[in-house]
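Q: Before we start, here is the structure in question, set down as structure tokens.
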Amino acid sequence: FINVISHQLRTPLTSISWNLESLVSGDLGDLEPQQLEFLRATKKASSDIIDRIADMVTALDIEEDKLRLTPEEVSVESLWAAVRSGLDDQIKVKRLQVTYNAPKSSLPNITADREKVTDVINHLVKNSIIFSHEEGKIVVDLSKSKSMIKFEIEDYGIGIPKGEQGRIFEKFYRGSNAFGAAPDHSGLGLFIAKHFVESHGGELGYSSKEGKGTTFWFTLPIHSKI
């Protein structure tokens with residue numbers, strides 16, 4: 001059912017998104033600021049729906065052990081830069097300060113599935129943006145430790161209630177304080193991210209304090225055997 005519905009919805013939703021992009025980019029003429037703001041919000045809503053459909057299909061593939069990795073040589077620094085650029089509008093809307101602590105020396109490339117590692121970074125950065133307070137701060141660190149690359153992101157947002165922290169990687173689970181910040185999210189992002197990281201031989205973890213913020217981190221081996 002999920003596969004059939006996703007196929008039926010993706011094509012018209014993608015068409016809607018392309019049309020909105022043409023309007024927002026000014027290809028069809030200049031728009032008033034209020035019109036532009038309205039269309040940008042509509043385009044984001046369309047993109048969010050497409051992302052949620054993709055997450056449901058991915059979660060189904062994970063459950064049915066159908067997910068396959070396509071290894072290639074990738075730069076985690078480049079993947080982070082691409083994700084950061086793609087989320088720039090959302091960062092600006094909340095007037096967030098994003099600080100990147102680059103590694104002291106250039107990091108080696110790793111053998112990984114580019115799309116899936118990008119997805120992990122994207123999920124974690126989006127969560128930090130969504131659950132940060134306006135004009136808040138996000139800090140990203142990239143480092144190398146022995147044979148592993150480590151990505152870490154820290155926010156100073158709403159945090160995760162202590163009694164619920166053991167469940168955050170469960171499929172469809174969302175913290176009780178998350179609905180106010182993101183009432184319509186699926187609760188699949190961390191479930192998928194954990195599976196992607198572990199399928200590469202890495203580890204995903206976190207620390208959090210309600211009302212103070214959350215730090216997520218993951219490690220990936222430089223020489224993976226996927």
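Q: What net charge do the residues around residue 54 carry, taking every other residue with its C-beta under 14 Å from that of residue 54, with Lys and Arg at +1 and Asp and Glu at -1?
A: That sum, taken over residues with Cβ under 14 Å, equals -2.
Q: Run the numbers for residue 100 and residue 141: contour at 0.36 nm per residue of separation, minus the present Cα-Cα distance, in nm.
A: Additional length available on full extension: 14.2 nm.
Q: Pop out the Kirkwood hydrodynamic radius of the chain from its pairwise C-alpha distances, inverse of mean 1/r, in Å to one decimal.
A: Radius from the Kirkwood sum: 18.8 Å.
Q: Over region 80-226, what is the mean sequence separation of C-alpha contacts under 8 Å (at least six apart), divided by residue count, expressed as relative contact order in percent?
A: Relative contact order of region 80-226: 27 percent.
Q: Okay, moving on. Any chance you could look up the accessible area of residue 9 with a 1.4 Å probe, heavy atoms only, rounded to 10 Å²?
A: The accessible area comes out at roughly 80 Å².
Q: Give me the distance between the Cα centres of region 75-116 and region 1-33, rounded to whole Å.
A: Cα centroid of region 75-116 versus Cα centroid of region 1-33: 26 Å apart.
Q: Using 0.36 nm per residue, how much length does the chain from residue 222 to residue 66 gain when fully extended, once their Cα-Cα distance is taken away?
A: 53.7 nm
Q: On to the next question. Accessible surface of residue 198 in the full protein assembly, 1.4 angstrom probe, to the nearest 10 Å²?
A: Approximately 90 Å² of residue 198 is accessible to the 1.4 Å probe.
Q: Let me ask something additional. Just need the relative contact order of region 54-133 here, percent rounded to a whole number, with Cα pairs under 8 Å and 6+ apart.
A: Computed value for region 54-133: 45 percent relative contact order.
Q: Using 0.36 nm per residue, how much length does the chain from residue 41 to residue 170 gain when fully extended, once their Cα-Cα distance is taken away?
A: Difference between extended and current length: 43.5 nm.
Q: Tell me, what HN-Hα J-couplings in whole Hz come from the Karplus equation 6.51 cos²θ - 1.76 cosθ + 1.60 at θ = phi - 60° for each residue of region 54-68, using x for Gly and Pro?
A: 4, 5, 5, 5, 5, 4, 5, 4, 4, 4, 8, 6, 9, 6, 10
Q: State, in angstrom, two size descriptors of region 69-156 derived from its alpha carbons: Rg to one decimal place and Dmax to the nearest whole number.
A: Calculated on Cα positions, Rg and Dmax stand at 13.3, 38 Å.
Q: I've got another one for you. Classify region 117-226: rounded, prolate or oblate, from the alpha-carbon gyration tensor (a ≥ b ≥ c, eigenvalue square roots; a/c under 1.5 rounded; otherwise prolate if a/b is larger than b/c)?
A: Prolate shape, in that a/c is at least 1.5 and a/b is the bigger ratio.
Q: Also, quick follow-up: At a 10 angstrom cut-off on C-beta neighbours, averaged per residue, how do the peptides 187-196, 156-165 rank from highest to lowest?
A: Put in order of decreasing packing, that is 187-196, 156-165.
Q: Next up: For a test of the definition: using alpha carbon positions, the gyration tensor, and the 1.5 limit on a/c, classify region 40-111 as rounded, prolate or oblate.
A: Oblate.
Q: While we're on this one: Count charges around residue 93 for me, please; just the other residues with Cβ under 12 Å from its Cβ, Lys/Arg as +1, Asp/Glu as -1.
A: That sum, taken over residues with Cβ under 12 Å, equals 0.
Q: Between their Cα atoms, which of 104/171; 66/209; 104/162; 104/225; 144/212; 44/104 are more than 30 Å away from each other?
A: 104/171; 66/209; 104/162; 44/104
The values are calculated or read from the model by the stated rules, or taken from the named source; none is laboratory data. Quick caveat, the model's predicted, so the values are computed rather than measured. All Cβ positions, glycine included, derive from the backbone under ideal geometry; neighbour counts span all protein chains shown. Ligands, DNA and RNA are stripped out before the accessible areas are found, and what is left, the full protein with its side chains, is counted by its heavy atoms. Shrake-Rupley method; radii C 1.70, N 1.55, O 1.52, S 1.80 Å.
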